[in-house]
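Enquirer: If you scroll down you'll find the structure; I have some questions about it.
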Amino acid sequence: MESYEGGGAAAYIAALKSLIQTHPSIVAVGECGLDYDRLQFSPADAQQRCFELQLQLAREVQLPLFLHSRAAHADFIRILRPHLTALRQCTDDHNPSAQSRGSVGVVHSFTGSLEEMQELVALGLYIGVNGCSLKTQENLDVVKQIPVHRIMLETDAPWCDIRPTHASHAYLEAFGNSHPELYATYSPARVKPEKWNEASAVKGRCEPCHIGQVAAVVAQLKGMPLT
């Protein structure tokens with residue numbers, strides 16, 4: 001972002017703003033935030049500067065946020081918090097849903113701690129849950145505690161599939177045993193890319209249909225029926 005066609009971050013933000021203003025179908029600003037697991041691609045100070053600009057963009061175009069926070073919770077909250085009142089106001093003005101009022105966006109692919117989740121929810125954010133959010137028992141314990149009205153299910157395809165080594169896989173197997181037809185819909189046969197057809201999924205790749213797998217695991221964790 002900072003090197004966008006020689007114009008830096010400001011030029012990139014200006015291009016995004018123009019894109020948003022000319023495409024009314026755009027419903028959120030993102031993916032934006034901080035990722036300290038990948039500092040080899042962008043140092044923390046550069047990420048923080050760009051995140052600030054992205055938040056300002058969301059305020060200007062009055063859209064909610066699709067957010068990313070990885071190993072950066074304290075800085076993420078510190079930078080986001082001063083913008084929350086303005087973001088809530090502009091998103092509430094454009095969203096008639098009473099249940100969604102007060103929310104400024106979703107933190108997707110959440111893998112943080114219970115305390116981090118609770119702080120994000122208290123700030124009015126939704127929590128995005130996918131296969132990466134369901135890897136470990138600690139992850140599952142956190143997802144159990146997310147208020148159901150603050151959960152957003154996602155796949156993050158082509159990444160973040162549920163794998164046999166994940167703690168959530170046992171729940172997926174149990175769902176397959178109790179709902180074989182639904183399981184077959186959510187888990188089509190996997191084939192190599194060169195053998196792909198419309199009835200199959202590509203081996204090693206998360207697919208949009210796998211959203212049902214995430215829903216099946218979360219439903220069991222929350223003690224809720226999926227059907």
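Each reported figure results from applying straightforward, stated rules to the coordinates on display, with no laboratory input. Treat the numbers as computed from the prediction; the structure is a model and nothing was measured. All Cβ positions, even for glycine, are placed from backbone atoms using ideal geometry, and neighbour counts span all protein chains on display.
Enquirer: Binned at 10 Å from 0, what are the whole-percent values of the Cα-Cα distance distribution for region 1-72, short to long?
Expert: Spelled out bin by bin, region 1-72 gives 20, 51, 27, 2 percent.
Enquirer: Also: Calculate how steeply helix 169-178 sits against the longest principal axis of the alpha-carbon atoms of the chain, using the helix alpha-carbon long axis, and give the answer as 0 to 90 degrees to the nearest 10.
Expert: The angle comes out at about 50 degrees.
Enquirer: Mind checking which lysines have their Cα closer than 29 Å to the Cα of Lys222? Skip sequence neighbours fewer than 8 apart in that chain.
Expert: Here the lysines satisfying the reach criterion relative to Lys222 are Lys135, Lys144.
Enquirer: For region 30-150, just say rounded, prolate or oblate: build the C-alpha gyration tensor, square-root its eigenvalues into a ≥ b ≥ c, call rounded for a/c under 1.5, and beyond that prolate if a/b exceeds b/c, oblate if not.
Expert: Oblate.
Enquirer: What angle do you read, to the nearest 10 degrees and between 0 and 90, between the alpha-carbon axis of helix 44-61 and the longest principal axis of the chain?
Expert: 80
Enquirer: To test your reading of the geometry: what angle, between 0 and 90 degrees and rounded to tens, separates the Cα axis of helix 84-93 from the longest principal axis of the chain?
Expert: 70
Enquirer: Could you work out the local net charge near Arg70, counting Lys and Arg as +1, Asp and Glu as -1, over the other residues with Cβ closer than 12 Å to its Cβ?
Expert: -4
Enquirer: What is region 166-227 by shape, rounded, prolate or oblate, if you read a ≥ b ≥ c off the alpha carbon gyration tensor as root eigenvalues and call it rounded for a/c under 1.5, prolate for a/b larger than b/c, and oblate otherwise?
Expert: Since a/c reaches 1.5 and a/b is larger than b/c, the shape of region 166-227 is classed as prolate.
Enquirer: Quote the charge dipole size of region 131-191 about the Cα centre in Debye, to the nearest 20; the model charges only the Cβ of Lys and Arg (+1) and of Asp and Glu (-1).
Expert: Roughly 40 debye for region 131-191.
Enquirer: Of the chain, which part is the longest with no GluC sites (Glu not before Pro) in a loop (DSSP not H, G, I, E, B) and with at most 16 other C-beta atoms within 10 angstrom?
Expert: Here the longest run is 3-197.
Enquirer: Can you bin region 111-181 into rounded, prolate or oblate? Criterion: square roots of the alpha carbon gyration tensor eigenvalues sorted a ≥ b ≥ c, rounded for a/c under 1.5, prolate for a/b above b/c, oblate for the rest.
Expert: Prolate.
Enquirer: To the nearest µm²/s, what D does Stokes-Einstein give for the chain at 37 °C and 0.692 mPa s, using the Kirkwood radius over alpha carbon pairs as Rh?
Expert: Answer, rounded: 172 µm²/s.
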